[in-house]
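Inspection log for the structure reproduced underneath, given as structure tokens.
The values are calculated or read from the model by the stated rules, or taken from the named source; none is laboratory data. Note that the coordinates shown come from a computational prediction; the quantities given were computed from them, not determined experimentally. Ideal geometry is used to build each Cβ from the backbone, glycine not excepted, and the neighbour counts take in all protein chains shown.
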Amino acid sequence: MGKGFYISKGVGIVGVILGAGAVATIIALSVVYSQEKAKNNEVKPTEPGTTTNPTATATTPTPSNETWDQYRLPKTLEPIHYDVTLRPHLKRDPVNGLYIFTGESTFHFKCVEDTDLILIHSNKLNYTTQANGHTATLTSVSGAEAPQIKNSFLWDVTQYLVLQLNGKLTKDSEYKLYTKFHGELADDLGGFYRSEYKEGNETKIVATTQMQPTDARKAFPCLDEPAMKSYFNISLIHDYGMVALSNGAERESVNITIDGEKLVKTSFEMTEKMSTYLLAFVVCDFGYIESTSDKTLIRIFARKSAINAGQGAYALNKTGPILKFFEKYYNSSYPLPKSDQIALPDFNAGAMENWGLITYRETALLYDERFSSNSNKERIATIIAHELAHMWFGNLVTLRWWNDLWLNEGFASYVEYLGGDNAEPDWGVKDLIVLSDVHRVFAVDALASSHPLSSKEEDIQKPEQISELFDAISYSKGASVLRMLSDFLTEEIFTMGLRTYLKEFAFGNAVYTDLWRHLQMAVNQTGTVLPDTLENIMNTWVLQMGFPVVTINTTTGEVRQQHFLLDPDSNVTTPSDYNYEWIVPMKWQKKEAVQPTFWLTKKSNSTEIMKVTGSDWVLANINVTGYYRVNYDDGNWDRLLNQLATDHRIIPVINRAQLVDDAFNLARAKIIPTVWALKTTTYLNKELEYMPWASALNNLDFFSLMFDRSEVYGPMQDYLRKQVTPLFYHFKNITGNWTNVPKGHMDQYNQVNAISLSCKTGLEECQDLVKSWFQQWMTTGNNSIHPNLRSTVYCNAIAAGGAKEWEFAWLEFKNSTIASEAEKLRSALSCTKQPWLLNRYLEYTLDPNSIRKQDATSTIVYIANNVVGQPLAWDFVRDRWYYIFTEYGGGSFSFSNLINGITKRFSTEFELKELRQFKEDNSDEGFGSGTLAVDQSIERTIANMKWIAENEENVLEWFRAETKA
Ligand code: BES
Ligand code: ZN
């Protein structure tokens, strides 16, 4: 191999074996454009019929400024349509043992600016050399004649197929580009990939896709940017009897023969004009159920055994109504003839909004009342709502570039609650956004290492930078801020602007300020009075990181705001054009009387109306519709605590949850004493509602993490046991000694809290109860534990038990064909207190035959949540980082979750040192989508150390005093 030619080992083998396959393919020699070669120096084409190898490019090119070094496409070409035929081979190649797919594509495009260069995204694809000696054939469709391809090569870094022409493509002429290629159908969860499952004793293969954000280029060469919308004619070649699906409805299936093999070619209706990241192709042996909603065909696809067991029924019942709900909400009819939902055994995210063919994890779509909890059910309803919401917001109208991802994901994450509420009106899911999104993201957005919602287009270039945007800020802060916006505008005005926005940009692209413009129009039309333009108000939330804590002084009437930082000593190094000042819509009440919205527009306002006398109190951020925390003067805190103690129901339930969360976090920021925060939990022995308990448990979880290795732990357990005992007996009572299910959705959740906290804090009756249930299952083989309670019962029984319990649960996990049951067991297996079991379990996480790749990182995090498992998991991850990073690198969420998860208990000098060392040791390969998480973890560790030093003594004393009384 000459200088500048490099062929990687792995793919080299593919080339060899394929060559030994059916056609007389000549062994691949890849063509690589070497930096040392002059730009004009032509690389000799290989012979027709050979494959050019993609990964065969120079791995470390010296920086240069060629067009192909730019991650963004030049603005010279515009897609018209693609005709793509793909054939996934669902059997291993007998010789090399690999799974592959083959494909052909004709890309029709228009030249909009003269150019002698074609750049088209392509990643890990091998091309067959054409008659012209190159990787592609270029012909003219209309207008000027097509120039010849002078030179072609694959550019790995920016993932392009580069075609240099000997003449120019001319403006307004149309051309087509033909390519033939193959790639590996790997189990890497990205692009066109392979999923496997067992049916009986048979292993079945599914070929499926996950394109978002930048993996369409791994399935076929394409202009893989969201604004390069096009029409797609897709065909799939597969075995007879298999199901073939894509975005469009099936148009025809014809029998074809390839190399003597009898196959079927299924072609789909041409898609609407759409982005590449929303494409989907599936070939599988699934079953399905269907119905029609208005004129839309709705189908649920899954493993045949799951469909036969009726596990698709719930999703099928809910999809139609939710789709209709959104048609009304957006005032826009669903533009496709069908909406397929498919449950995949291997899937990295929770679900993906491919237009017309939404893909899901099995747990996010399949419901079986014998196995699924109410929480599983809620997730199905809201995730369907989330993805269907994208059909308009994201798919019909697409943000121009990934920097605006927060609007796409934040929007869907907000309206999923509206869709979910519509599907299950009795559940009250809309309130849960406060726990799942507002509180979740407050925790990260209060760090100095946070970042604003909005990024600059030019700052987001590489695929890793794009992946990193799929974080809690985009999702949960996006959702929280949009909910606040919809709330202060009213839903009527919010939807009015939304509807005209969708109308203007249908089948096109927009930027987030386009939405502001349309909302402003709605504001103007309705004569709504706001303190400033909508854009100016929203800029304070979108362009600067963090959020304010608003302090109300009920003696002076002063209301002021400051940037809330969990660690008051941390340094905010990023200056803000808005000076960390927000325009804050404040909904508030004086005792029970709701007041008109108060707009805090400056650092501080003074107002008579916030003054109170006597036993009155002020409560702000009613129902937590605002994205901010609230603090009060001491007197008002006292009166609020007093109200909780005397009759807590006077305070709205969401605000009871909020008082707890605000108090705990203000205490962590050293704004109020920690003891005040603890005082918000003293009334809990009378609290029956879920949200305040959930909020308290969430905050006390931090106490557990900080103290479960110290002497505070005992007294803390005693206190919590005392507080939760009445709740335990309440549920025992209303369920007829644990035989019935509580009626309300939230009550069902709180029953789980009652059991889990009672068992965890050592309430004997609770521990005996769960042990006996589990024992009964082990001895009779009959599992009569209610699905809602399984997670906590399994966990507590395994924690109390030894190897016998663990092995039993492991076997049940391995044999389970129901994803939501497997999920519960997988999490419970991490609860054992035996280090050797935990260490062995850690080993299993990196063996895909034991734990699916999609579940590896979350399993490690589960183990780290266990105080015994924590140091084991940390050692394990450090030891295997390189392997984990390279083998599991495809995921988007996983790395930040992994790093945050295994370090969240960190609170000692030594742990900090180890963490810094870890960062340094791996600076070469880096942390991918977990880069930010490493810095966040360091910041969090420092804050934890300080917090413990300052609080340990007081807290210990407080718990002791509370339990003595
Ligand atoms: N577009 C995402 C899926 C996705 C996430 C693709 C990350 C690529 C990278 C989808 O709409 C989504 O947000 N799914 C969520 C579920 C939702 C209910 C929050 C998910 O996968 O968790
Ligand atoms: Zn989404």
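A few remarks follow.
- So E378, is it surrounded by 22 or more Cβ atoms within 10 Å (Cβ to Cβ), within 12 Å of ligand 1 (Cβ to nearest atom) and among the acidic types (D, E): no
- Among the candidates K304, K295, K273, residue that is within 14 Å of S339 (Cβ to Cβ) and not acidic (D, E): K295
- Count of the stretch 585-611 residues which are closer than 23 Å to P692 by Cβ, at pLDDT below 95 and in contact with a strand residue (DSSP E or B) (Cβ under 7 Å, 6 or more places away or on another chain): 0
- Search result, residues across the stretch 444-469 that are surrounded by fewer than 22 Cβ atoms within 10 Å (Cβ to Cβ) and closer than 20 Å to F664 by Cα: L447, A448
- Residue list for the stretch 359-375, restricted to those being within 18 Å of the chain's Cα centre (by Cα) and either away from ligand 1 (no atom under 12 Å from the Cβ) or not in a loop (DSSP other than H, G, I, E, B) (or both): T359, Y360, R361, E362, T363, A364, S375
- Cβ pairs under 6 Å, 6+ apart, first in the stretch 332-361 and more than 12 Å from L245 (Cα to Cα) and more than 16 Å from ligand 2 (Cβ to nearest atom), second among the aromatic types (F, W, Y) and assigned to a strand (DSSP E or B): A343/Y360; P345/Y197
- Output for the stretch 170-193, where each listed residue is buried (at least 21 other Cβ atoms within 10 Å of the Cβ) and within 30 Å of I818 (Cα to Cα): E184, L185, D188, L189, G190, G191, F192, Y193
- When G356, G350 are screened for being near ligand 1 (Cβ under 9 Å from one of its atoms) and in contact with a Ser or Thr (Cβ under 9 Å, 6 or more places away or on another chain), only G350 passes.
- Flag if S480 is among the polar types (S, T, N, Q), under 28 Å from Y578 (Cα atoms), within 11 Å of ligand 1 (Cβ to nearest atom) and part of a helix (DSSP H, G or I): no
Okay, residues lined up against (1) touching a strand residue (DSSP E or B) at 6+ places or on another chain (Cβ under 9 Å); (2) among the aromatic types (F, W, Y):
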| site | (1), (2) |
| --- | --- |
| T613 | no, no |
| N621 | yes, no |
| G626 | yes, no |
| Y632 | yes, yes |
| N636 | yes, no |
| N642 | no, no |
| A645 | no, no |
| V653 | no, no |
| L659 | yes, no |
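- Residue check, V434 surrounded by 21 or more Cβ atoms within 10 Å (Cβ to Cβ) and either within 14 Å of ligand 1 (Cβ to nearest atom) or within 28 Å of S333 (Cβ to Cβ) (or both): no
- Filter result (under 27 Å from G478 (Cα atoms), small (G, A, S) and assigned to a strand (DSSP E or B)) within the stretch 599-628: S604, A620
- Among the residues making up the stretch 405-431, those that are of a type in the set (F, W, Y) and either within 16 Å of ligand 2 (Cβ to nearest atom) or crowded, with 23+ Cβ neighbours inside 10 Å (or both) are W406, F411, Y414, Y417.
- S820 in contact (Cβ under 8 Å) with a residue 60 or more places away in the chain and surrounded by 23 or more Cβ atoms within 10 Å (Cβ to Cβ): yes
- Only residues that are touching a Pro at 6+ places or on another chain (Cβ under 7 Å) and either small (G, A, S) or over 28 Å from Y82 (Cβ atoms) (or both) were counted in the stretch 260-302, giving 1.
- Taken as a whole, the condition of being surrounded by fewer than 23 Cβ atoms within 10 Å (Cβ to Cβ), more than 16 Å from ligand 1 (Cβ to nearest atom) and of a type outside the set (D, E, K, R) does not apply to G312.
Results for (1) closer than 17 Å to Q465 by Cα; (2) of a type in the set (S, T, Y); (3) in contact with a Gly (Cβ under 9 Å, 6 or more places away or on another chain), shown as yes or no for each residue.
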| residue | (1), (2), (3) |
| --- | --- |
| Y882 | no, yes, no |
| E887 | no, no, no |
| R905 | no, no, no |
| T908 | no, yes, no |
| E911 | no, no, no |
| E914 | no, no, no |
| Q917 | no, no, no |
| D921 | no, no, no |
| G926 | yes, no, no |
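- Assessment of the stretch 394-403 against the conditions (of a type in the set (A, V, I, L, M, F, W, C), under 22 Å from D747 (Cβ atoms) and within 16 Å of ligand 2 (Cβ to nearest atom)) yields no matching residue.
- Test: Y277 is aromatic (F, W, Y), surrounded by fewer than 22 Cβ atoms within 10 Å (Cβ to Cβ) and under 27 Å from the mean Cα position of the chain (by Cα): no
- Counting only residues that are surrounded by fewer than 19 Cβ atoms within 10 Å (Cβ to Cβ) and small (G, A, S), the stretch 750-775 holds 2 of them.
- Of the residues contained in the stretch 475-485, one or more are found to be surrounded by 22 or more Cβ atoms within 10 Å (Cβ to Cβ) and more than 25 Å from Q562 (Cβ to Cβ).
- Tally of residues being closer than 22 Å to W401 by Cβ and part of a helix (DSSP H, G or I) across the stretch 442-477: 15
- Within the stretch 264-323, strands (runs of 3 or more DSSP E) holding 2 or more residues that are touching a strand residue (DSSP E or B) at 6+ places or on another chain (Cβ under 8 Å) and of a type outside the set (A, V, I, L, M, F, W, C): 287-293, 296-302
- For the stretch 232-262, residues that are part of a strand (DSSP E or B) and surrounded by 17 or more Cβ atoms within 10 Å (Cβ to Cβ) total 11.
- Residue-level check: of (1) within 14 Å of ligand 1 (Cβ to nearest atom); (2) assigned to a helix (DSSP H, G or I), N395 misses just (2).
- Filter pass, W810 being modelled with pLDDT of 95 or more and over 19 Å from I860 (Cβ atoms): no
- Among the residues making up the stretch 549-582, those that are more than 20 Å from D532 (Cβ to Cβ) and small (G, A, S) are G557, S570.
- Test: residue in the stretch 379-386 that is under 28 Å from V653 (Cα atoms), within 11 Å of ligand 2 (Cβ to nearest atom) and among the hydrophobic types (A, V, I, L, M, F, W, C): yes
- Yes/no for T495 being in contact with a helix residue (DSSP H, G or I) (Cβ under 6 Å, 6 or more places away or on another chain), within 23 Å of N395 (Cα to Cα) and in a helix (DSSP H, G or I): no
- Test: residue in the stretch 218-236 that is within 16 Å of ligand 1 (Cβ to nearest atom), in contact (Cβ under 8 Å) with a residue 40 or more places away in the chain, of a type outside the set (D, E) and under 24 Å from D93 (Cα atoms): yes
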